[in-house]
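Beneath this line is the structure, given in structure tokens, with notes to follow.
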Amino acid sequence: MTNLSVLCLVIAGLALCNGQGGTISFKLNNYLNRGGKGANGNCCDGIFPVCKKSSQCDQYFKICLDNPESDNDDMTTCPLGKYTTGVTEQNVITFGSTIDSTPNPKVLTFDGAWPYNLKIKVQVWDEDGTDWLGNANDDDFVEYLDTIQSIHPDGHANTITLAGRTTLVATITVTCNSAGMTDDCVTPPPATAPPAANAPPVVIKHRAPIQCYECSTIDMTTMTTRAQWEELTKRDMSYVEVSDQCQDVAAVPNQFLQNCEGVCLTGLWNETQDFIFRTCVAVTQDCDDIDDEGDATGTYHCSNQAKGNNGRYIIEGVAAPPSDVVEPEEAPVPLEQYEEDGTWLSCYECSSKHDTDGQCEDPFDGEVERVNCTLHAMYNEDPVQIHNMTDPNKGIRCFKSVSTIYDSRSKVETKMVKRGCGYVEENYCTYSLSPSSGKTQQCYCDQHDCNSATPITFSIATILAAILLGVHLP
């Protein structure tokens, strides 16, 4: 018996020795349950609605990898693997290499064909410990999350976002046991004739996947062109979520996200009715390949950038979805409309030091990136901001600062404007003066996109406080 045969016997329970099947590496990156609440709306720790500010949820995660055709949310049907993590005592989590004693990433194996489309199911639970008599309490259910993703078994790391009342960001990497297999990890590639002696080298386009938005304002399974779209996207149209919110995905930046190794596309049509379809075109990585000249009923917007199909398009005759894009003449949208516990906050983020086109400066037209400050620190894995977010005495704020520096040598005055997210106890304005940084005015506010205008929109109390201190709002 060869050494290889011995090795195959040893790992027979993990992978097939004939080269079929593969491995799945599943890594939890970040999780956000800022309100620290369970599915029933009560705090994880505390007595009914009364929360303990010093306590965090003791959360653990049940992961189940299922076939995309599965229409259930139970955690027992998991043909591609399942596991349960250890407990983390935090509401806002950045996971490390282990979760308590659970390895992160967790490596699972599959023996048959890879389905390409995968249903990922996650249950989040709060461990409830024991009562004062030492009796075990029932754990509290926090939330169920799921998503159907297209995953190539090519060894690339795929970022996935599972969003509901809470948000989980994870990375999944799938690799076939034998190199060169097709996308099912079972079928060898077809034999090809050797290239001619003078033939140019074949260039294979290959890149790490990005995330695109996938949704529609109508049921795509009713389209006469369903088969063609399924060929282009490598997705069953029944997976596409139908929602009026598809008109403005930027208002919900962590929803409708699909893994994509192609390009992001937005299609606007007027066939039997006006509708919008956002998707990933999986068969190309070049927007120049997208040709809409032959389609008189549709207009296409293509991007090879992550989340590049996030443009806002409102359909005539269809109610506009809740949005944090508020026109100047419109009343502000209440925070409660965005999230139950009112912690979702959108702010402009830019710096005139880096934005050479002057878009960050005043007068401000809003043509810069807007970020979800609730998720911003988590996605950037900034330990300082994450610490501030979890501090019960601090809240999420937008800020705007204006610094003016005078160079006595050149006699030139330079002005720098910066806008972004802040985590402080209350709304306030400050004024500082130093030889190195010049004079700086900085203000914090807690309304959507309030760091846009000149002056920044603040509460009456904040404005009065600034006036009493002799501070002029920038």
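The values are calculated or read from the model by the stated rules, or taken from the named source; none is laboratory data. Just so it is clear, the structure is predicted and the values come from calculations on it, not from any experiment. Virtual Cβ from ideal backbone geometry, glycine too; neighbours counted across all protein chains shown.
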Problem set entry | Number of positions in segment 239-263 that are within 17 Å of residue 146 (Cα to Cα) and assigned to a strand (DSSP E or B) | 4
Problem set entry | Count of residues meeting criterion [in a loop (DSSP other than H, G, I, E, B) and more than 17 Å from residue 24 (Cβ to Cβ)] in segment 160-178 | 3
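Only one residue in 91, 67 is surrounded by 15 or more Cβ atoms within 10 Å (Cβ to Cβ), in contact with a Lys or Arg (Cβ under 9 Å, 6 or more places away or on another chain) and not acidic (Asp, Glu). Which one?
Answer to the check: 91.
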Exercise. Of all the residues that make up segment 400-442, how many are more than 16 Å from residue 373 (Cα to Cα) and either touching a residue at least 12 places away in the same chain (Cβ under 8 Å) or of a type outside the set (Asp, Glu) (or both)?
Worked result: 30
Problem set entry | Complete set of residues in segment 428-449 that are more than 28 Å from the chain's Cα centre (by Cα), modelled with pLDDT of 80 or more and polar (S, T, N, Q) | 430, 440, 441, 442
For this session: Could you please find all residues in segment 396-427 being assigned to a loop (DSSP other than H, G, I, E, B) and either of a type in the set (Ser, Thr, Tyr) or at pLDDT 80 or above (or both)?
Result: 408, 410, 426, 427
For this session: Could you grab me the full set of residues in segment 115-146 that are over 15 Å from residue 82 (Cα atoms), assigned to a strand (DSSP E or B) and free of Cβ contacts under 8 Å to residues at least 40 places away in the same chain?
Result: 130, 136
For this session: For segment 387-395, indicate whether the set of residues that are modelled with pLDDT of 75 or more, outside the structural domain of residue 96 (by TED's automatic domain parsing) and crowded, with 20+ Cβ neighbours inside 10 Å is non-empty.
Result: no
Exercise. Looking at segment 105-119, is at least one residue closer than 24 Å to residue 249 by Cα and buried (at least 21 other Cβ atoms within 10 Å of the Cβ)?
Worked result: yes
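I'd like to know if segment 452-464 contains one or more residues that are at pLDDT 80 or above and at negative phi.
Among the residues of segment 452-464, at least one is at pLDDT 80 or above and at negative phi, which makes the answer yes.
Only one residue in 159, 130 is out of contact with any Cys (no Cβ under 9 Å at 6 or more places or on another chain), assigned by TED's automatic domain parsing to the domain that holds residue 75, at pLDDT below 95 and surrounded by 16 or more Cβ atoms within 10 Å (Cβ to Cβ), so which one is that?
159
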For this session: May I ask you to verify whether residue 284 is at pLDDT below 80, part of a loop (DSSP other than H, G, I, E, B), in contact with a Gly (Cβ under 8 Å, 6 or more places away or on another chain) and β-branched (Val, Ile, Thr)?
Result: no
Exercise. Name the residues in segment 23-55 that are buried (at least 19 other Cβ atoms within 10 Å of the Cβ) and either in contact with a helix residue (DSSP H, G or I) (Cβ under 6 Å, 6 or more places away or on another chain) or modelled with pLDDT under 80 (or both), would you?
Worked result: 30, 32, 34, 35, 45
